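The values are calculated or read from the model by the stated rules, or taken from the named source; none is laboratory data. These numbers come from a predicted model, not from an experiment. Cβ atoms come from the backbone with ideal geometry, glycine included; neighbour counts cover every protein chain shown. Ligands, DNA and RNA are stripped out before the accessible areas are found, and what is left, the full protein with its side chains, is counted by its heavy atoms. Shrake-Rupley method; radii C 1.70, N 1.55, O 1.52, S 1.80 Å.
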Amino acid sequence: MKKSVYSLVLSDDVVRAIDQLAYENNTSRSNLINQILAERVSLATPEMQMRNIFDSMEKLMDETFQILNQSSDSMVSIRSPLRYKYKPTLRYSLELYRSAGPATGRLKISFRTQNRQLIDTLNDFFAIWIALESHYLARYFPDGIEYLREDGRLTRELYHPVNLPACSGEDVGEAIASYIKMLDGCIKEYFANLALPASTLAERIENRYRTCLADPNFIVI
């Protein structure tokens, strides 16, 4: 949505109230005024659409996940504890894009740990995960899925639901929440079964992944 600079004459009391409300909502004065006017004329701004997506996600996240407040209205972070030695925490950082394009945002997965063994194990899981998605989602993404793989971190582009073209913000939020829950479940199953041979463990994760994809309500992003 294109933006331009306009001059408005407002009373000082109104500006003080707007500034206080903007501070409470972690946004700027201009952005808050833009949202208020958009609501008045029934126009959905990118910020409103992102809020709609985040609200939909939060409704679907169970008590396993802790949603953290962010200073940006385009980002949210989610924590999920892992039952493993050293009690590491998985962190999912989601950033939604303001401008329209093939991708709706990106998801970064990382560990809150400095333990080398845990990081190496997570790196091994990421390799399996990328291989699974590259194979099973190739028909949806013929040009491939964009990943950035770093030590102990994986960033994945999230795309508009390809098997649900006409979708709402609630649908996108549901799709992202389902993806995070599926990914989180696979990571936890992987760490819970490290005693298995590597090939057996990889097959187990693949079977779980395929089961999720077979759900007729699963939305591919």
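Quick notes on this structure:
- Chymotrypsin sites (Phe, Trp or Tyr not before Pro) within the stretch 81-145, DSSP loop, no more than 12 other Cβ atoms inside 10 Å: Y86
- Under the Debye formula (equal points on every Cα, no solvent term), log10 I(q)/I(0) of the stretch 173-221 at q = 0.14, 0.18, 0.19 Å⁻¹: -0.37, -0.57, -0.62
- Net charge dipole size for the chain [Lys, Arg +1 and Asp, Glu -1 on Cβ; Debye, nearest 20]: 500 debye
- Total formal charge among the other residues, if their Cβ is under 13 angstrom from that of P102, Lys/Arg +1 and Asp/Glu -1: -2
- Taking the Cα centre of the stretch 55-129 as origin and assigning +1 to Lys and Arg Cβ atoms and -1 to Asp and Glu Cβ atoms, the resulting dipole is close to 320 debye.
- Cα lying deepest toward the dipole's positive end in the stretch 20-178, options N31, I109, T121, charges on Cβ: T121
- The stretch 47-111, accessible surface, carbon-and-sulfur percent (1.4 angstrom probe): 46 percent
- Exposed-site-free run, longest, the chain (rule: trypsin sites (Lys or Arg not before Pro); DSSP loop; at most 15 other C-beta within 10 Å): 140-221
- Karplus (6.51, -1.76, 1.60) ³J(HN,Hα), θ = phi - 60°, over the stretch 145-162, in Hz, Gly and Pro reported as x: 9, 7, 10, 10, 9, 10, 5, x, 9, 9, 10, 10, 5, 10, 10, 4, x, 7
- Multiplying the residue separation of I67 and R210 by 0.36 nm and subtracting their alpha-carbon distance yields 48.8 nm.
- Relative contact order, percent, the chain [alpha-carbon distance under 8 Å, six or more residues apart]: 18 percent
- In the context of the full set of protein chains, the chain has a per residue accessible area of 59 Å² (1.4 Å probe).
- At full extension, S77 and A195 could sit 39.4 nm farther apart than now, given 0.36 nm per residue minus the alpha carbon distance.
- Cα shape, the stretch 60-158, gyration tensor, a/c 1.5 rule: oblate
- Estimated FRET transfer efficiency when R0 is 25 angstrom, pair E146-T89 (beta carbons, to 0.05): 0.45
- Simple label model, 7 Å out from Cα along Cβ direction - D55 to T155, nm: 3.0 nm
- Residues considered: S56, S11, S80. Largest GNM mean-square fluctuation over the chain, using C-alpha springs under 10 Å, is found at S11.
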